[in-house]
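Student: There's a structure below that I have some questions on.
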Amino acid sequence: MIHRERLSARIDGDFVVFLIGMRINQPWKVRKWWPVAAAMPRMIGELQRQPALGFLHAEMWFSRTIVLVQYWRSMDQLLSYAASKTAAHLPAWKAFNGSVGTDGSVGIWHETYAVAAGASKSVYVNMPAFGLGRAGTLAPATGRRRSAAGRLGRHGDGQQEDEI
């Protein structure tokens, strides 16, 4: 459903944004990159079936570089999942190291950001629930929440009320 009004995401407490992806450096080596690409949907499915692990939501984009943005409740839960001997992550990581390693055929990367409560900003206009707005909840961006400074809890900085 498209929400036509100006909305902002709300999420209680601290949270983690985890960016992870892969780059297909040698597209003709399907046997190298396909198992890497196929591993992530399996992990996401596992995480969605077990909300107690702390996974909140993910968005994915596909091209030569695949990007997945994940939202987690805490850094401890993300790291615990990554190290779990019973989860899908470690076997996928071992398979990558065994099959690809550092041969250059497939690149992988990740970045992790711990976000303190109230230290994020978001705005959505003419959008379905997306990203942090799906990990948390959507609420009208009204009053001070209409400006970036207001959404970040900063006031009196002279920013326009209706800026994105």
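Student: Given Ile66, Ile24, which one is more than 30 Å from Ala141 (Cβ to Cβ), of a type in the set (Val, Ile, Thr), in contact with a Phe, Trp or Tyr (Cβ under 7 Å, 6 or more places away or on another chain) and touching a residue at least 12 places away in the same chain (Cβ under 8 Å)? First the steps, then the outcome.
Tutor: Working: Ile66 fails: in contact with a Phe, Trp or Tyr (Cβ under 7 Å, 6 or more places away or on another chain).
It is Ile24.
Student: Sticking with this structure for a sec: Step by step: first the residues of the range 18-38, then only those that are aliphatic (A, V, I, L, M), buried (at least 18 other Cβ atoms within 10 Å of the Cβ) and modelled with pLDDT of 95 or more, then the one that is farthest from Lys94 (Cα to Cα). Which residue is that?
Tutor: So in the range 18-38, the residues aliphatic (A, V, I, L, M) come out as 19-20, 22, 24, 30, 36-38.
Add one more test, that the residue is buried (at least 18 other Cβ atoms within 10 Å of the Cβ), and what stays is 20, 22, 24, 36.
Add one more test, that the residue is modelled with pLDDT of 95 or more, and what stays is 20, 22, 24.
Details: Ile20: 17, Met22: 16, Ile24: 19 Å.
Across the range 18-38, the extreme among qualifying residues is Ile24.
Student: Pick out the one residue from Val16, Val36 that is in a strand (DSSP E or B) and among the β-branched types (Val, Ile, Thr). Give the steps one after another, and end with the answer.
Tutor: Working: Val36 fails: in a strand (DSSP E or B).
Val16 is the lone residue from the list that is in a strand (DSSP E or B) and among the β-branched types (Val, Ile, Thr).
Student: Additional query: Which numbered condition in (1) surrounded by 14 or more Cβ atoms within 10 Å (Cβ to Cβ); (2) within 15 Å of the chain's Cα centre (by Cα) is the only one that Gln48 fails?
Tutor: (1)
Student: Still on this structure, I have one more. Scan the range 94-141 residue by residue and report those that are more than 20 Å from the chain's Cα centre (by Cα), part of a strand (DSSP E or B) and not aliphatic (A, V, I, L, M).
Tutor: Once the filter is applied, which keeps residues that are more than 20 Å from the chain's Cα centre (by Cα), part of a strand (DSSP E or B) and not aliphatic (A, V, I, L, M), the range 94-141 yields only Pro140.
Student: Within the range 6-24, can one find any residue that is of a type in the set (Ser, Thr, Tyr) and over 27 Å from Ser122 (Cα atoms)?
Tutor: Here is the first cut: in the range 6-24, the residues of a type in the set (Ser, Thr, Tyr) are 8.
With the extra rule that they be over 27 Å from Ser122 (Cα atoms), the set shrinks to none.
No, every residue in the range 6-24 fails to be of a type in the set (Ser, Thr, Tyr) and over 27 Å from Ser122 (Cα atoms).
Student: Could you check the range 91-101 and list, in sequence order, the residues that are under 19 Å from Trp28 (Cβ atoms) and loosely packed, with under 14 Cβ neighbours inside 10 Å?
Tutor: If the condition is that a residue be under 19 Å from Trp28 (Cβ atoms) and loosely packed, with under 14 Cβ neighbours inside 10 Å, then Gly101 is the only one that fits.
Student: Here's a follow-up. Within the range 82-93, is there a residue that is closer than 15 Å to Arg134 by Cβ and either at pLDDT 95 or above or in a helix (DSSP H, G or I) (or both)? Full working, then the answer.
Tutor: Going through the range 82-93, the residues closer than 15 Å to Arg134 by Cβ turn out to be none.
So far as the range 82-93 goes, no, none of its residues is closer than 15 Å to Arg134 by Cβ and either at pLDDT 95 or above or in a helix (DSSP H, G or I) (or both).
The values are calculated or read from the model by the stated rules, or taken from the named source; none is laboratory data. Note that this is a predicted model, so its numbers are computed, not measured. A quick note on method: Cβ atoms are made from the backbone with ideal geometry, for glycine too, and the neighbour counts reach across all protein chains shown.
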